[in-house]
């Protein structure tokens, strides 16, 4: 549906460099990256607002690189909705249909149907200034969706919403994707949002796409330290490969039990350990662990509302690691779960992966 | 808080009085008999109508060129943009008689532009087009700057969204940007028209005749004294007050429904 090939864009000091991406029809792609990394510029380049200095954009198999925005058949929804303030909700949603010369009766039908779908039928006569954030976001979605775009481009559509509304609109996006089957490119810096919605994940930093693939693949096997950090892997341990051993500040890690990619290891690597791969009081098969030892508890924190307990473990070599327990798990070891206590810890081999240190900037 | 309000109100009031007192004094001191005869004086009426008309033409033609310039200044990045902005502001800074002389040197009969317009049958010396030209030259910054600020107040992403919804650049301009900032443009046009009506220095260099109201006031002051000059000014002031109050009312922000 959408294919970007080696896109370069220069906007003053900022540059998008060699961006390639392939989004199949019906996919929900989330573009993850921190603020200022060029996600919006990329989205606007896809929409035709910025012209690439090199590379090609294909939409539905056709070369759209030089095509004007109005001819690309894409819909865009911004973080702060960008509704036309001088038009009612009805006129906002019908804006594109009017331009297309759709008969008034048909416009009314299409707009009402979409308004019902997004539960904003009662707002049609209002001006945008009289709507709440969530209502505005639904109107912005309706305005884009009535045009039946090939791809719906969402620029951090949930960032400006309160927690309750965000969760509601998040579900709404999932429903839109499932029921209308529209291809979506959604940019965000919120990891939870990406995990909830995406089936494809692209990670971006400094104007480049660092990794792109199926959500699970990118999260399990990040290709660089930056990707690992952006997909929420908080525990990173530098290691060197010496005589078939992995030497770290915490001692040797069992190379043979590493889950993947142990044949072509470079000399200097960075081990990635998701929180779930760090077990307190490891009681499984010893063969499952790539490292076992003792670490002291430096912090215990009950995360508000989620019922998850975050435990920070410190190694005397200066390394801090984080793992997460359910309240039930925490209760089972509550006597030992005190700051300053030293506890046995194991790293599950199936969770530990590595990225080359050369790319770890 | 109370002191704050008193100080702000006091300072604002002083400024308003500085404007109002001379004008009020002029209106009050006009002799009713002279005022009546001035109102029925065809020369005065023609002069005032000419002033309003010439300034209106100047404003309308500057809307045609000034709004696109304001849009470019607000939306586009281009080399020399700050120089262009400075050039737009220049007519406010230079003495208006100097502006008149500059116009005379370009649109007079000695320069090719003046000659070219002459071939088209348009002369700027002692004509209404000359008056409008002088008025336009000195007052266009009011329109361009107000329109530019208006465009700047419209989020450019509104146009981008409109484009993705199928609007051409023209449609996005008219249906979104212009639709949202027409009040700023109207406000700038009112200011430009008003400034054009008041123009004296640049106009007399190009066209002493036909006589616009400021020139007529000057001539009557020179030839007959204050008694016969001030009634013309009073009529012009009252008429302008009426027109501009009406236009300001039109340009006011509507309360949202």
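The values are calculated or read from the model by the stated rules, or taken from the named source; none is laboratory data. Quick caveat: nothing in here was measured; it's all calculated off a predicted structure. Don't worry about glycine lacking a Cβ; one is built from the backbone with ideal geometry, like all the others, and counts go over all protein chains shown.
Look at residue B:144 and say whether it is within 14 Å of another protein chain (Cβ to nearest Cβ), under 30 Å from residue A:95 (Cα atoms) and either part of a helix (DSSP H, G or I) or out of contact with any strand residue (DSSP E or B) (no Cβ under 9 Å at 6 or more places or on another chain) (or both).
Numbers: within 14 Å of another protein chain (Cβ to nearest Cβ): no; under 30 Å from residue A:95 (Cα atoms): yes; either part of a helix (DSSP H, G or I) or out of contact with any strand residue (DSSP E or B) (no Cβ under 9 Å at 6 or more places or on another chain) (or both): yes.
For residue B:144, the condition - within 14 Å of another protein chain (Cβ to nearest Cβ), under 30 Å from residue A:95 (Cα atoms) and either part of a helix (DSSP H, G or I) or out of contact with any strand residue (DSSP E or B) (no Cβ under 9 Å at 6 or more places or on another chain) (or both) - is not met.
Restricted to region A:33-81, and to residues that are under 17 Å from the mean Cα position of the chain (by Cα) and part of a loop (DSSP other than H, G, I, E, B), which residue is farthest from residue A:229 (Cα to Cα)?
A:78
Residues checked against (1) without any contact (Cβ under 8 Å) to a residue 24 or more places away in the chain; (2) assigned to a loop (DSSP other than H, G, I, E, B); (3) touching a strand residue (DSSP E or B) at 6+ places or on another chain (Cβ under 7 Å); (4) buried (at least 17 other Cβ atoms within 10 Å of the Cβ):
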| site | (1), (2), (3), (4) |
| --- | --- |
| B:229 | yes, no, no, yes |
| B:237 | no, no, no, no |
| B:241 | yes, no, no, no |
| B:246 | yes, no, no, no |
| B:249 | yes, no, no, no |
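Of the residues A:348, A:302, A:359, which single one is at pLDDT below 85 and touching a helix residue (DSSP H, G or I) at 6+ places or on another chain (Cβ under 7 Å)?
On the way: A:348 fails: at pLDDT below 85; A:302 fails: touching a helix residue (DSSP H, G or I) at 6+ places or on another chain (Cβ under 7 Å).
The unique qualifying residue is A:359.
Which members of region A:116-145 meet the condition of being away from chain B (no Cβ under 14 Å) and in a helix (DSSP H, G or I)?
Start the filter on region A:116-145 by keeping residues that are away from chain B (no Cβ under 14 Å), which leaves A:116-122, A:132-135, A:138.
A:116, A:117, A:121, A:122, A:133, A:134, A:135, A:138 - these are the residues of region A:116-145 that are away from chain B (no Cβ under 14 Å) and in a helix (DSSP H, G or I).
Collect the residues in region A:103-126 that are surrounded by fewer than 17 Cβ atoms within 10 Å (Cβ to Cβ) and closer than 22 Å to residue B:168 by Cα, keeping them in residue-number order.
Within region A:103-126, A:103, A:104 qualify.
Determine whether region B:108-131 contains at least one residue that is within 14 Å of chain A (Cβ to nearest Cβ), touching a residue at least 60 places away in the same chain (Cβ under 8 Å), under 20 Å from the mean Cα position of the chain (by Cα) and assigned to a helix (DSSP H, G or I). Reasoning before the result, please.
First, the residues of region B:108-131 that are within 14 Å of chain A (Cβ to nearest Cβ): none.
No: region B:108-131 contains no residue that is within 14 Å of chain A (Cβ to nearest Cβ), touching a residue at least 60 places away in the same chain (Cβ under 8 Å), under 20 Å from the mean Cα position of the chain (by Cα) and assigned to a helix (DSSP H, G or I).
Please determine whether any residue of region A:63-79 is more than 10 Å from every other protein chain (Cβ to nearest Cβ) and crowded, with 20+ Cβ neighbours inside 10 Å.
yes
Has region B:209-220 got any residue that is more than 11 Å from chain A (Cβ to nearest Cβ) and within 30 Å of residue A:45 (Cα to Cα)?
Within region B:209-220, none of the residues are more than 11 Å from chain A (Cβ to nearest Cβ) and within 30 Å of residue A:45 (Cα to Cα).
Since residue A:30 meets every condition but one in (1) over 20 Å from the mean Cα position of the chain (by Cα); (2) more than 14 Å from chain B (Cβ to nearest Cβ); (3) buried (at least 19 other Cβ atoms within 10 Å of the Cβ), which condition does it not meet?
(1)
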